[in-house]
Each structure stands twice: as C-alpha cells, then as structure tokens.
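The structure appears below as structure tokens.
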Amino acid sequence: MDTVDVLVVGAGLAGLTTARLLAQAGLDVAVCERRTSVGTGIRTTGIFVRRTLDDYDLPHLGPAVRRVLLYPPSLREPVELVSERDEFRVGDMENIYATAVADAERAGARVSLDSSYPARSTRARFTIGADGARSTVAKNLGLDVNRRLITGIEEVYPVRTGSTPTFHCVVDPRLAPGYIAWVVDDGEHAHVGLAGRPDRFSAPLPQLLQRLRDSFPTPEPAGPVRRRGGPIPVGGLLRRIVSPEGLLVGDAAGAVSPLTAGGLDPCMRMSELAASVTFDYLRSGNRYVLEHYDGAAMRRRYLLRSQLRRGLSLVRGPGLAEAAFAVLRTSPGRSAARRILFT
C-alpha cells in the first residue's frame with residue numbers, strides 16, 4: 001500500500017493547480033484521473049474572464065474579446081456591449097491541461113491517468129475531490145453534492161474569419177431553457193454551444209445544437225470539429241465542502257457562478273485556498289484550521305447571482321424573453337448587463 005499525504009481525485013484545472021501548490025509546499029501528492037488523456041472528455045468552454053487574466057499568467061489563450069452581442073429569440077436588434085478592456089480569452093484547454101500536468105509533476109506530484117477512485121493501492125492522509133459536478137469523493141466523505149445542474153453541449157473548431165472577436169449570446173428558452181446559447185468567434189477558433197435545464201429540453205442536445213447552427217450565422221469550420229459537454233452546477237457553492245478526511249474544489253464544490261455558469265476563475269482561486277488550508281491542517285493537525293474553508297460563508301458572494309439565476313429560470317417562453325430585452329435595451333438595462341458580464 002502506497003501512502004501519500006494528499007490524494008487529489010481529478011486532473012482538471014482545479015485538481016492540478018491544488019496538487020502543484022501542495023507539492024511545491026513539500027507534501028507528498030498523488031493525482032488520480034480516470035480519463036486516459038487529459039485532452040479527452042473536456043467539459044468547459046475554456047472562457048477566462050478579465051479578473052483571471054489580470055491575476056494569473058496563463059498559457060495557450062486565444063485573442064482578447066471585448067465585444068458582446070446579446071440576442072433575443074427573434075435574433076433581431078441585439079444589444080451590443082463593448083468594453084475598453086480585454087474581457088475574455090478562450091483557452092486551448094487540451095494544451096492548458098497538458099501544461100498543468102507537466103507543472104504539477106515538475107513540482108513533485110505524481111499524476112496517474114486511467115486510474116480509478118477509490119484507489120486500492122494508495123492510502124492518503126487527506127483526499128481532495130476535484131472530480132467534477134457529480135463528485136464521488138463528496139459522497140464518500142459525506143459532504144454536500146450538487147443538486148442543481150444544467151447540461152451543455154458545444155462544438156469547437158478552427159476558423160479563419162479574421163472578424164472582430166465577439167461573444168454572441170442567444171437567450172431563447174426553446175433552445176436553452178434556463179440558460180443561453182452561444183457562439184464565440186475570436187478569429188482563430190469558434191465555440192458554438194448551448195446549455196439549459198435537462199428537464200425542459202424539447203429535443204436531444206445534438207438536435208438543438210443543429211437548430212442553433214441553422215438559425216444563427218455560425219462561422220464555417222477550417223479544420224476538425226470537436227464536441228464536448230456535460231453537467232454544470234449552478235446552485236452556488238455548497239455548504240459542507242470540508243471534513244477532517246478531505247475537501248472539495250472546483251465543480252465538485254459547486255464553485256461556479258450560478259448565473260453565468262463560469263467556473264474557471266473561482267476554481268483557480270479556490271484551489272489556492274484549498275492548498276493553503278490543507279497544508280496548514282496536515283502540518284498542525286489542528287481541525288480548527290479547516291474552518292477557514294467554510295462553504296457557507298463563501299456562498300454569500302453568490303447570493304445576487306443566485307437570485308438572478310432563479311429569475312432566468314422563470315423565462316419559459318420566447319415572448320417573455322423578448323419583453324425582457326425591451327428592458328435590457330434601456331440605459332439601466334445595459335448598465336446592469338455590463339456589470340454582470342464585465343466584472
């Protein structure tokens with residue numbers, strides 16, 4: 001039986017970042033990942049927001065996006081929002097993950113692919129669940145699990161449009177009930193996708209995605225098309241995310257914006273806190289250290305967006321969505337949209 005200080009379950013961005021930081025601090029860290037390659041089974045659009053770009057030095061990012069167009073179901077009279085700053089960049093997640101694996105291993109962590117959890121051959125003093133929205137670690141440790149989920153699908157492919165990088169968002173409950181459909185064209189790659197409440201989808205996701213492509217002027221592929229998708233937690237940060245046996249990070253902890261479903265920024269920040277708390281706890285043995293990783297307290301930051309999420313879920317028909325855009329086109333409506341999208 002191999003004994004380690006920390007076993008990290010899941011080799012996504014949250015798990016690999018936490019593993020690297022703990023290994024750099026001198027702990028014996030192992031990472032197990034059930035996928036055979038970190039480049040397969042990707043479940044994120046890879047959109048990084050401005051605050052992440054300001055605070056972290058990230059590789060493999062596409063051109064900056066400063067322009068957002070919001071469309072009602074009719075696709076007429078979209079609301080245009082343009083920022084003076086670089087608001088978004090879309091990452092090449094396959095290469096970002098590969099770099100994160102290399103960085104974690106360089107720090108001393110052992111990353112094992114095609115490795116299941118629980119690992120029969122590994123015993124850990126502490127387990128970190130970075131194993132996604134339906135976390136097995138959360139269940140095994142008796143921690144909270146995600147209950148509110150939306151499901152998404154996306155196609156990613158290279159383009160040669162040379163157009164102004166733009167983030168197109170379509171609010172249409174017939175395509176994406178309780179969420180949005182999107183087309184991100186940064187001039188180098190296109191991301192075409194949608195997500196919504198699975199209990200309200202009117203057709204299988206691939207059919208809905210084709211409807212989006214048929215109704216919206218999506219860029220033509222200049223190379224192979226890759227499809228990705230999966231569940232996205234939108235219930236906000238879970239309350240019970242830590243115990244003396246382990247803790248949760250990233251999607252496993254519900255660290256995703258309830259409104260925008262963006263999870264890369266909170267996952268990176270939460271990984272830093274998780275690594276700090278884990279190191280202090282294992283070094284001191286003091287259980288009170290774990291109180292600094294309080295999901296209930298951190299959950300308050302998501303309160304407003306959780307309320308807005310409930311409002312978006314109430315938009316069940318295209319008529320109500322069109323009416324909402326009448327408000328969105330006003331000066332206060334545009335100001336509110338800018339605060340949500342550009343902060």
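The values are calculated or read from the model by the stated rules, or taken from the named source; none is laboratory data. Predicted model only: the values in this text are computed from it and were never measured. Reconstructed Cβ throughout: ideal geometry from the backbone, glycine too, with neighbour counts over all protein chains shown. Keep in mind that these areas ignore ligands, DNA and RNA; they rest on the heavy atoms of the full protein, side chains included. Shrake-Rupley method; radii C 1.70, N 1.55, O 1.52, S 1.80 Å.
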Exercise for review: Looking only at segment 156-173, decide whether some residue is charged (D, E, K, R), modelled with pLDDT under 95 and surrounded by fewer than 22 Cβ atoms within 10 Å (Cβ to Cβ).
Suggested key: yes
Point to revise | helices (runs of 4 or more DSSP H) wholly inside segment 252-343 containing at least 3 residues that are surrounded by fewer than 16 Cβ atoms within 10 Å (Cβ to Cβ) | key: 264-284, 303-313, 318-328, 331-341
Practice item. Determine whether segment 218-231 contains at least one residue that is touching a helix residue (DSSP H, G or I) at 6+ places or on another chain (Cβ under 6 Å), more than 20 Å from G10 (Cβ to Cβ) and surrounded by 14 or more Cβ atoms within 10 Å (Cβ to Cβ). Key: no
Review point. Based on what the data block shows, is R120 within 27 Å of V277 (Cβ to Cβ) and of a type in the set (K, R)?
Key: no
Check your understanding: Is there any pair with a first residue in segment 307-322 that is under 14 Å from L259 (Cα atoms) and a second that is among the charged types (D, E, K, R) and modelled with pLDDT of 85 or more whose Cβ atoms are under 8 Å apart and which are 6 or more apart or on different chains, and what are they?
Key -> S313/R197
**Study point:** Tally, over segment 212-251, of residues that are outside any loop (DSSP other than H, G, I, E, B) and touching a strand residue (DSSP E or B) at 6+ places or on another chain (Cβ under 9 Å)
**Key:** 17
Check your understanding: Restricting to strands (runs of 3 or more DSSP E) lying wholly in segment 143-198: which have 2 or more residues that are closer than 30 Å to S243 by Cβ and of a type in the set (V, I, T)?
Key -> 149-158
**Study point:** Count - residues of segment 31-48 that are surrounded by fewer than 19 Cβ atoms within 10 Å (Cβ to Cβ) and under 15 Å from L264 (Cα atoms)
**Key:** 1
Study note, to complete from the structure: Just one listed residue, out of G132, G108, G152, is touching a residue at least 40 places away in the same chain (Cβ under 8 Å), surrounded by 18 or more Cβ atoms within 10 Å (Cβ to Cβ), in contact with a helix residue (DSSP H, G or I) (Cβ under 9 Å, 6 or more places away or on another chain) and closer than 28 Å to V277 by Cβ, and it is G132
Practice item. Could you grab me the full set of residues in segment 49-69 that are over 16 Å from the mean Cα position of the chain (by Cα), open to solvent by less than 30 Å² (accessible area, probe 1.4 Å) and not small (G, A, S)? Key: V65, V68, L69
